[in-house]
1. Residue by residue through region 22-63, note down the ones that are farther than 21 Å from Glu5 by Cβ and aromatic (Phe, Trp, Tyr).
2. Could you tell me which of the residues Pro46, Pro119, Pro82, Pro77 is more than 16 Å from the chain's Cα centre (by Cα) and closer than 21 Å to Tyr15 by Cβ?
3. Would you mind telling me which numbered condition in (1) open to solvent by 10 Å² or more (accessible area, probe 1.4 Å); (2) touching a Ser or Thr at 6+ places or on another chain (Cβ under 6 Å); (3) not aromatic (Phe, Trp, Tyr) Val23 fails?
4. Among the candidates Ala55, Ala51, single out the residue that is under 13 Å from the mean Cα position of the chain (by Cα) and touching a residue at least 40 places away in the same chain (Cβ under 8 Å).
5. Give region 105-130 a look and list any residue that's touching a residue at least 40 places away in the same chain (Cβ under 8 Å) and open to solvent by less than 50 Å² (accessible area, probe 1.4 Å), or say none.
6. Quick one: Glu64 ticks every box in (1) in contact with a helix residue (DSSP H, G or I) (Cβ under 6 Å, 6 or more places away or on another chain); (2) open to solvent by less than 60 Å² (accessible area, probe 1.4 Å) bar one, so which box is it?
7. Determine the pairs where a residue that is under 17 Å from Ala62 (Cβ atoms) and more than 9 Å from the ligand (Cβ to nearest atom), located within region 33-47, has a partner that is of a type in the set (D, E, K, R) and at pLDDT 95 or above with Cβ atoms under 6 Å apart, the partner being 6 or more residues away or on another chain.
8. Could you tell me whether region 39-46 includes any residue that is at pLDDT 95 or above, within 29 Å of Asp123 (Cβ to Cβ) and in contact with a strand residue (DSSP E or B) (Cβ under 9 Å, 6 or more places away or on another chain)?
Amino acid sequence: MDLLEAATKVRENAYAPYSRFKVGAAIRAASGTIYTGVNVENVAYPEGTCAEAGAIAAMVAAGETELVEVLVIADSPTPVPPCGGCRQKLVEFGKGDVRLTMCTTDGASQTMTLAEVLPGRFDASHMDRT
Ligand code: THU
């Protein structure tokens, strides 16, 4: 199964009764295994989580900490970009040249690297005071 197929399939399980905006995410980890996630909303709106966060959690829970490819899909007019928080979550586990493919359910897509979607990112070097 490829990333598009995995993300498309898992998206059906998104829990999005408030926004009605279902998102599916698929991550290929360094081992080659694909991990998936969906957005999980909550009646206390800020407690909802994004699809990317779910996929990252599944990857880490399985014992992997390096992602090599990411794909996100939603029923949006243009390819759906991860929110700012998810960009930071993704770069925690992926190098700058990792390809992020953003898709619509209509078949449009756009591919960028993690470095392109999060320039000037905060990293551990900013905490180095010596
Ligand atoms: N959402 C994601 O899951 N991933 C994205 O990349 C963008 C936004 C979710 C959060 C919320 O459940 C819904 O989409 C509307 O913002």
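The values are calculated or read from the model by the stated rules, or taken from the named source; none is laboratory data. These figures come from a predicted structure and were not determined experimentally. Because the Cβ atoms are built from the backbone with ideal geometry, glycine has one as well, and the counts that use them run over all protein chains shown. Note: accessible area is taken over every heavy atom of the protein model, side chains too, but ligands, DNA and RNA are not part of it. Shrake-Rupley method; radii C 1.70, N 1.55, O 1.52, S 1.80 Å.
1. Tyr45
2. Values: Pro119 fails: closer than 21 Å to Tyr15 by Cβ; Pro82 fails: more than 16 Å from the chain's Cα centre (by Cα); Pro77 fails: closer than 21 Å to Tyr15 by Cβ.
Sole residue among the options that is more than 16 Å from the chain's Cα centre (by Cα) and closer than 21 Å to Tyr15 by Cβ: Pro46.
3. Val23 satisfies all of (1) open to solvent by 10 Å² or more (accessible area, probe 1.4 Å); (2) touching a Ser or Thr at 6+ places or on another chain (Cβ under 6 Å); (3) not aromatic (Phe, Trp, Tyr) except (2).
4. On the way: Ala55 fails: touching a residue at least 40 places away in the same chain (Cβ under 8 Å).
It is Ala51.
5. Within region 105-130, the first condition is being touching a residue at least 40 places away in the same chain (Cβ under 8 Å), and the residues that meet it are 105, 114.
Passing the criteria: only Leu114.
6. Going through the list (1) in contact with a helix residue (DSSP H, G or I) (Cβ under 6 Å, 6 or more places away or on another chain); (2) open to solvent by less than 60 Å² (accessible area, probe 1.4 Å), Glu64 breaks only (1).
7. Ile34/Arg28
8. yes
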